[in-house]
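The block underneath contains the structure these notes are about, expressed in C-alpha cells.
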Amino acid sequence: MEEEAPDLLCQLENVQGLVDALSAVRWKRHQDAVVELSEHGIVLIVEESGCLQAKVYLKRELFVRYEYNAQGRPRFGVSLGLFIDCLNTYSVPGQSSSIQIQYPGPDMQVLLKSLDSQDASICAQLRTRIPETFAWDYNFEPAGTNPLTFTVKSAALREAIEDLEWPGSSIQIILQPDPPSVILRGEGHGDLQIDLLYHAHTDLLAAFQCDHRVSFKYKYKFLRATTSNIPGSVIKENRGSKVTIGRGGMLKVQHLIPISKMSVSHPYVDSVGYQQPGRIAYIEFFVKPELSEDSTNDY
Amino acid sequence: MKFKAFLTENGMHLLEKRFLPALDKMGKICHLYLTKDHAMFLHNLLNGDGVQSIAQFRKEALFDDYRISSQNDDRIAFVIDVSLLQRAVRSSVSICSEFGDGPTANRLLIKLVKKLPANSTQPIPFLSFETKGYKSAVIQDVPISKPLSRAQVLELQNALDMTQDLPQTLVQVPDLNQLQNFVDRMRHVGDALNVTISKYGDLHIQISTTLVTLGAEFRKLLVIGEQANATAEDQNLTAQTRSSRAVLRGDGQSVQVSVKHFAKSLHCHLTKPDCAFYGIAPQGACLTVIFQFFIPGSRQTDKSISLHCRIPVLDTGSS
C-alpha cells in the first residue's frame, strides 16, 4: 500500500514559543479549539458563549519545514488544554527543543514527535473531533473611515484590566480625541476609572488614533481573558498590544508573541535590534460589546 | 533493648543533605530498622499499596562506636516521622559544625531512650540526639513508636527479604533530571503509565487515555542482566509498535503503574545517586528502581549504601 502524504507535516525549532502562544488563549481549563490548516500556516480558534473569540496565527515562516498537501482547508477540533499539556512535555527548561507536527495520523489524530535525539524521543497522538461551526461571525469591520485604535504596553493593559476586577461585571471603554485619551471604567460595588492620556503617558500609550468619541461596555470576564494569559516573554520584552474598536463596538485586541528565543541563541543579532517578522505568532481576540441602553454612540 | 551510636561526619552529610530529604518525599513515616550490621529506612513495607523504598546502610557508613543489643537477636525496629528526624539531624549538624574542630570535635550521639513527657504518667520512647558544644549540650528527642514486637520484626524482616528479588533485565537511565522533568509534565495528561523495558536496552513509558497517547522512549541504554540484540526490522517503527513487538517476542516486559508513584520514585535523585536502573520484577510483580552510589572519587560501587524502590503495579499489562 502506498502511503499518502499527510495534509500537513511541519517542524518547529522552539516548542516553548508555541506553548506560550497557545497558552495566551487558554482562559479556562477545558476549552475546545478548532484548528484550520492552509498553505499559509495554521490558525487555531477558540470561542466562548458567542461573545468572545480568540485566534492564534502561526504563519508558515515560523516553521523550519512546512509541507502542505491538502485540497481546500482542512479543519479539525481538538482539546486546547490537552494540546498545550502535550506540547509542554517536549519543552526542556533552558534549551529550545524541536518538534514535528503531522496531521492526520492513521486515525485522524494529530501526531507530535520530538526531533532532538534519536535515542530519547517523545511521541504523542491527540484525538481530533469534527469541528462545530461557529454560531456567529466575528467579521471585524472598521468603525468608520479612520480606525479607532490605540497601542498600549501589554503589561499596562493587563494591569489595568486586573485593577478593574472589583467594581463590577462590566467595563466601559471610552476613546476620545480631545484630550486624546483612553478611559477604562468599571461601575458596580464602587467606581473605578483608569485614564490613559496619550500626551502624558507616551511610554505606556505608544500610538493613538481616534477622530470621534466612542463608548462601549464589555463583560469583565471576557476582557480579562484577552490579557490574563499573556506569556511572561511578552511582558519581559516590554511589548505592546493593539486595541481597536470596530463597527458596532466590536473590540479587537492583538498581541505579538515571539516564537524563537533569539536573545538566547543569537545575542549579537538581537543586540542590533534585528527581528525576523516570521518569528512572531499573532494573537487576536474579538469581544462583542454588551447591548447598551442608550444608543448615543455615533459611527 | 539498647541502642547507642555516634553519627560520623560522613554519616551526618549523607543523612542531612541527601537521604532524609529524599526519604521525606517518599512518605511521612517510615520504619527505622537497626541490626548488628545495618541501619535501614523502610517505607511502605508492611502497610499497603504505596511505593516501597528500601535504604540500607552498613553501620560504618553512618556510625562509629555502634552499640546495639536486644533480646531479639540484637534487632530493633520502630516507626519514625521522617520530617521530625530530618529537623533533629539538621539542627544537630549545625551545632556540631559551629563548635567542633580538633581532637575534641563534637560528635553527635544518637540513642534510644524512654522519657516521661510533660503531663503524662506513661514514659514513651524517643530517639535522642545529643550534641555537646564547648559550654553547652543540646539534646533533641524525636518521638518514635513503641519498638516492634518480636513477631512484628519478623514480619518486617520477611517483607524485606521479599523485596530482594532482582529483575532479569535492568536498563540504566542516563539522565534522571530529564526523566523527572518529563514525568512532571506528563502528570497533567493522565494517571496510569505503561512502562516497557526490553532486553535491547529500550525503556518506553506511555500514558494513554481516550483522547491522547503520550510517550517517551529511551533507546540504546546500558543493560545489566539478560540482554538481546535488537532486530534491524524494528528500527523504523513507532516506539509503541517496537515495544509491543519486543513483548510479543518475549524480549520485553510491560507493566502499568501510577504516574504519581513513578514521579515519587524519581525524588530519590535527591540522594544524588551515581546511576539509576529500571527493571521489571519477575512475573511483572512490580517496577523496580535501583540506585547506585560510587565510592567518592572512583567509579566503584559503594557497597555500604544501597537504595531501591519498588513501584506497585496497577495491572499486569501485556506481560
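Just so it is clear, none of the values below were taken in a lab; they were calculated from the coordinates. Given the structure is predicted, the values throughout are model-derived calculations rather than measurements. Note that we place each Cβ from the backbone using ideal geometry, even for glycine, and neighbour counts take in every protein chain shown.
State the Cα centre-to-centre distance between the range B:59-74 and the range B:263-298 in whole Å. Going from one Cα centre to the other spans 26 Å.
Ranked by how many other Cβ atoms sit within 10 Å of their own Cβ, fewest first, the residues B:74, A:107 fall in the order A:107, B:74. Among the lysines of the range B:2-162, pairs at least eight places apart or on separate chains and with Cα atoms under 16 Å apart come to 20.
Inside 10 Å of the C-beta atoms of A:89-98, what's the mean count of C-beta atoms belonging to other chains?
Per residue, the number of nearby Cβ atoms from other chains is 3 on average.
With a ≥ b ≥ c the root eigenvalues of the C-alpha gyration tensor of the range B:2-162, is it rounded (a/c under 1.5), prolate (a/b larger than b/c) or oblate?
Values: a/c = 1.64, a/b = 1.42, b/c = 1.16.
Prolate, since a/c reaches 1.5 and a/b exceeds b/c.
Could you size up the charge dipole of the range A:8-126 around its Cα centre, putting +1 on the beta carbon of Lys and Arg and -1 on that of Asp and Glu, and report it in debye to the nearest 20?
Details: 10 positive and 13 negative charges, 44 e Å.
The calculated dipole for the range A:8-126 is roughly 220 debye.
Here the 3J(HN,Hα) profile of the range A:105-116, calculated from phi with Karplus coefficients 6.51, -1.76 and 1.60 at θ = phi - 60°, is x, x, 10, 6, 7, 8, 10, 10, 9, 7, 10, 6 Hz, Gly and Pro shown as x.
As an exercise, use a Förster radius of 25 Å and the Cβ-Cβ distance of residue B:119 and residue B:1 to find the FRET efficiency, rounded to the nearest 0.05. If you can, show how the numbers build up before the last one.
Values: r = 26 Å, r/R0 = 1.02.
The value I calculate is 0.45.
The calculated FRET efficiency for the pair residue B:161 and residue A:129, based on their C-beta separation and a Förster distance of 51 Å, comes to about 0.45.
Across the range A:5-32, the residues whose backbone nitrogen lies under 12 Å from the label position 7 Å along the beta-carbon direction of residue A:67 are A:5-11. Within the range A:1-41, the trypsin sites (Lys or Arg not before Pro) that combine a DSSP coil assignment with at most 15 other C-beta atoms in a 10 angstrom radius are A:28, A:29.
For the range B:191-199, 3J(HN,Hα) computed residue by residue from phi via the Karplus equation (6.51, -1.76, 1.60; θ = phi - 60°) reads 9, 10, 10, 8, 10, 10, 10, 10, 5 Hz, glycine and proline entered as x. In straight-distance terms, cross-link reach from residue B:264 covers every one of the aspartates and glutamates whose alpha-carbon lies under 14 Å from its own, apart from those fewer than eight places away in the same chain; here that gives B:24, B:49, B:184, B:191. Taking label points 7 Å from Cα along the Cα-to-Cβ direction, residue B:303 and residue A:247 give a separation of 8.6 nm.
Quick check on the exposure proxy: order B:12, B:26, B:186 from fewest to most C-beta atoms within 10 angstrom. Write out the running numbers ahead of the final one.
Working: B:12 19, B:26 22, B:186 25.
So the residues, fewest neighbours to most, are B:12, B:26, B:186.
Between helix A:80-90 and chain A there is an angle of about 50 degrees, using the helix long axis and the longest principal axis of the Cα atoms.
Cross-link partners for residue A:221 among the lysines, with Cα-Cα distance under 24 Å and sequence neighbours closer than 8 places in the same chain left out: A:28, A:55, A:153, A:242, A:252, A:288. List the aspartates and glutamates whose Cα sits under 14 Å from the Cα of residue B:220, skipping any in the same chain fewer than 8 residues away. The qualifying aspartates and glutamates are A:119, B:175, B:202, B:234.
A simple charge model with +1 on the Cβ of Lys and Arg, -1 on the Cβ of Asp and Glu and nothing else charged puts the dipole of chain B at about 760 debye relative to its Cα centre.
Our coupling estimate for the range B:166-177, obtained by passing each phi through the Karplus curve with A = 6.51, B = -1.76, C = 1.60 and θ = phi - 60°, is 8, x, 6, 10, 10, 10, 8, 8, x, 10, 5, 4 Hz, Gly and Pro reported as x. Per residue of B:31-42, other chain Cβ atoms within 10 Å of the residue Cβ number 0 on average. Taking the C-alpha atoms only, the angle from helix B:150-162 to the longest principal axis of chain B is near 30 degrees.
Each residue, residue B:69 and residue B:283, gets one label point 7 Å from its Cα in the Cβ direction; the gap between the two is 4.3 nm.
Largest mean-square fluctuation among B:295, B:54, B:80, in a Gaussian network model of chain B whose springs join Cα atoms under 10 Å apart, belongs to B:295. Placing a pseudo-label 7 Å from each Cα along the Cα-to-Cβ vector at residue A:235 and residue B:314 gives an inter-label distance of 3.5 nm. For the pair residue A:28 and residue A:178 in one chain, pulling the backbone fully straight at 0.36 nm per residue adds 50.1 nm over the alpha carbon distance.
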